[in-house]
Each structure stands twice: as structure tokens, then as C-alpha cells.
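The values are calculated or read from the model by the stated rules, or taken from the named source; none is laboratory data. Model, not experiment: these values are computed from the prediction. For neighbour counting, all protein chains shown are included, and Cβ atoms are generated from backbone atoms with ideal geometry for every residue, glycine included.
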Amino acid sequence: MSVLLLMPKNSWLAPTLVALLMTGCASVSKKEATPPAPNTNAVKTEKPKLTQAAPPTYRVKAGDTLYSISVRFDKDYRELAKINNLDEKFTIYVDQQLRLDTADADTPAPATVPATKPIPSNKPIVATPIKDPTPSTTVAKKPAETVVKNTPSVGTNVQAISKSGSLTWSWPITGQLLKRFSSEGVGSKGIDIAGKRGDIVKASADGVVVYAGEGLVGYGKLIILRHNDEYITAYAHNDRLIASEGQRVKLGQTIAEVGSTGTDRDKLHFEIRYKGKPIDPLTILPN
């Protein structure tokens with residue numbers, strides 16, 4: 001379709017009108033231009049999850065014990081007791097501020113003295129120290145991390161035991177190994193073993209229950225056993241806790257039942273801590 005332009009009498013206006021018309025056409029063309037199609041082949045990348053550094057201090061909450069705090073922040077409970085100048089019973093109080101920087105363990109904090117007599121909501125949370133059931137002069141050394149062959153299932157029986165220092169170890173449950181230990185990232189401080197709700201969870205070594213509760217986010221119903229001054233084990237996501245805090249348990253004794261608290265399926269998350277640091281359970285447990 002042709003456009004008839006009526007030229008004004010003033011001939012000097014003609015070039016100006018043409019320029020304006022061309023500019024308008026160019027503007028319309030830009031608005032009507034089709035945007036490029038998105039690149040559907042682009043690869044999405046996610047930043048790797050890194051273990052969060054522990055804060056310099058922690059405020060004690062109801063239900064906490066020194067052991068549960070040490071597991072939460074990957075600290076040695078003995079060092080926490082030292083830098084916070086705790087008594088021999090490791091007594092801590094609700095709302096008490098605990099220092100977590102064990103690197104400065106040579107300069108203990110002033111003794112914590114409650115301003116007033118603790119009220120019921122601030123009753124001291126006591127974790128009683130224990131001695132090894134069978135004293136030994138053998139000093140347990142941190143085992144080297146080794147590569148373990150893939151196994152379809154793992155488990156324990158009366159003979160399936162191993163020794164590390166003065167301790168004898170066995171598997172807490174029998175089941176498919178779902179996840180292995182990794183020294184990097186979050187949520188990889190132990191191993192995951194498949195189980196069915198209600199399956200029996202057994203103590204992996206002689207020890208004392210130093211924590212039984214649901215105070216640690218991501219662990220569900222959790223039991224922590226102290227075996228000696230160096231080794232602690234944690235049993236997470238239980239459906240029911242059978243052993244109670246302060247109870248002394250033997251190797252293979254029932255302490256809980258498998259469940260899915262704090263996770264998406266029935267399983268046991270199992271950790272071994274050596275001097276406060278997570279180590280690979282497969283380097284300790286029998287093959």
C-alpha cells in the first residue's frame with residue numbers, strides 16, 4: 001500500500017518530516033523485535049555446601065548437655081569444659097554463654113557463678129564424668145581413613161566385632177549402607193544405614209548415655225554414648241529412645257528403635273567422634 005505525502009509549501013520542511021517518519025519506523029521495529037529464545041541447554045550450577053564455622057560462643061538451651069553441644073559444633077567436650085572453667089560434673093545452665101573457640105584452650109574463662117539460685121527453668125544440666133569400665137594403659141590412636149570395598153549390606157552378630165585401643169566395637173544395626181562418610185560438606189559426618197521402623201538399635205561399644213533427646217536440628221531423636229575420654233558415638237533419627245541419660249550400657253545392648261525423625265525415610269545415621277572430630281565409622285567397625 002503506497003503512502004501519499006502532501007508536501008508543505010515550505011520546501012525546507014520536507015527533509016525534517018522524512019527524518020521524523022524514519023525515526024518512528026525504527027522505534028516500532030525495535031518494539032516489535034522478537035526476543036531471542038532462551039538457551040534450554042544451559043547447565044545450572046550450584047555452589048558446593050561447606051561446613052559452617054562454629055560461632056565464638058553458644059547460649060545453652062534447655063535439654064543441652066556438654067556432650068550434645070560438642071557434637072553440634074565438632075568440639076572435644078574436655079576442651080569445652082577447660083576453656084569455660086566448668087566443674088568436674090560439667091554442670092551448665094540454661095542461658096549460660098559458652099565459649100567455643102578451643103584453639104585458645106590455654107586461657108580458661110572465669111568460673112561461671114549464677115547471679116541467683118537457679119530457678120526450676122534454670123536447673124543445672126549435669127553430665128556426669130565416667131571412667132572406662134576396664135581401665136587400660138593403652139592409648140587409643142586415631143585410625144587412618146582407608147578406602148573400603150562396596151558391600152551390599154552391613155551388620156553385626158556376636159562374632160562381628162573389632163577392637164580399637166581398649167574398646168570392642170560392633171555394628172549398631174544390620175542393613176543396606178545408604179551413605180558413606182565424607183570429610184567435606186554438611187550432613188556427611190557419619191554413615192546412613194537402612195532399616196525398618198522398630199528395628200533394634202544396639203550400642204556399638206560399652207559406654208554411658210550422655211544425651212537422649214531431640215535438641216539437635218537434623219538428627220531427630222538422638223542418643224549419644226560416651227565410651228571413654230576419646231570416643232563418642234551418635235545414633236540419630238530414632239523412632240523411640242529406650243536408653244536414658246546416665247544409663248550405663250554394654251556392647252550390643254538395645255538403646256533405641258529405628259525411625260525417620262528428622263529425615264525422609266527409616267534409617268539410622270551413625271557417627272563416631274574421636275576427640276570431638278567425626279571420623280569414618282568404617283575404619284573402626286568390623287568389615
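K275 falls short of the stated requirement of being within 27 Å of R78 (Cα to Cα) and modelled with pLDDT of 95 or more.
Where residues in segment 225-270 are polar (S, T, N, Q) and assigned to a strand (DSSP E or B), which of them is farthest from the chain's Cα centre (by Cα)? Per the criteria, the residue is T254. For segment 225-274, the set of residues classified as surrounded by fewer than 19 Cβ atoms within 10 Å (Cβ to Cβ), of a type in the set (S, T, N, Q) and more than 22 Å from T174 (Cβ to Cβ) consists of S244, Q247, listed by residue number. The set of residues from segment 156-189 being surrounded by fewer than 14 Cβ atoms within 10 Å (Cβ to Cβ), at pLDDT below 60 and more than 29 Å from V217 (Cα to Cα) comprises N157, V158, Q159.
Please enumerate the residues belonging to segment 71-91 that are assigned to a loop (DSSP other than H, G, I, E, B) and not β-branched (V, I, T). Scanning segment 71-91 gives F73, D74, K75, D76, N84, N85, L86, D87, E88, K89, F90. Listed conditions (1) farther than 17 Å from K61 by Cα; (2) under 21 Å from the mean Cα position of the chain (by Cα); (3) surrounded by fewer than 19 Cβ atoms within 10 Å (Cβ to Cβ) are all met by G215, apart from (1).
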